[in-house]
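Written below as structure tokens is the structure these notes are about.
Here, each number is a calculation from the coordinates, and none is a lab measurement. Predicted, not measured: the structure shown is a model, and the values here were computed from it. With ideal geometry, Cβ positions are generated from the backbone for all residues, glycine too; neighbour counts draw on all protein chains shown.
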Amino acid sequence: MDNYPMTPDGLKALEDELRKLKTEERPAVIQAIAAAREHGDLSENAEYDAAREKQGFIEGRVAELEAVISRAEVIDPSKFSGETVRFGAKVMVADEDTDEETTYRIVGEHEADLEQGKLSVTSPLARALIGKSVGDSVEVAAPGGARAYEICEVSFK
């Protein structure tokens, strides 16, 4: 089995989610199931079915988080420096067609969130950027055609 590269913040977020599921959501759904059972016939009890479905989701997510956390390989990007892109780097790129600048942090796949600028290390753009330096251009295949980006800035803060 492979390990999952992850930043310290990403690991903390997953551990917080797991703690919340175990200490808040799991007991709440158990109470909801007990309350729904008191309403009688379970075969036509929508509340019971919904609570059981939610319980299944919670148990599945708990198992997934436990597996990911147990195989997490925490990499602290603050220990890195230089202008070469690697895991944990904060990278500012400029689209060579539109000159639009965007900043991404390259993180593990379980902590990626494009809306927050967190780009999965397994994404095509991150794979193209890793190993390159400030001033280099990369070309990435995109659904609308190939896109070219220039690396403007790299930091590990």
message: Quick check on this structure: which one of D49, D76 is of a type in the set (D, E) and within 29 Å of K157 (Cα to Cα)?
response: D76
message: Tell me the residue from E96, E111, E101 that is touching a residue at least 24 places away in the same chain (Cβ under 8 Å) and closer than 21 Å to A13 by Cβ, please.
response: E111
- line: Taking the range 73-104 and the residues there that are touching a Leu at 6+ places or on another chain (Cβ under 7 Å) and surrounded by 19 or more Cβ atoms within 10 Å (Cβ to Cβ), the one that is nearest to G144 (Cα to Cα) would be Y104
statement: Residue hits (the range 70-111; of a type in the set (S, T, N, Q), part of a loop (DSSP other than H, G, I, E, B) and either over 19 Å from P124 (Cβ atoms) or under 16 Å from the mean Cα position of the chain (by Cα) (or both)) are S81
- line: Going through the range 114-141 in order, the residues found to be part of a loop (DSSP other than H, G, I, E, B) and in contact (Cβ under 8 Å) with a residue 12 or more places away in the chain are G117, V121, T122, I130, G131, K132, V134, G135, D136, A141
field: Those residues of the range 33-54 which are farther than 30 Å from H110 by Cα, in a helix (DSSP H, G or I) and of a type outside the set (D, E), in sequence order
entry: I33, A34, A35, A36, R37, L42, S43, A46, Y48
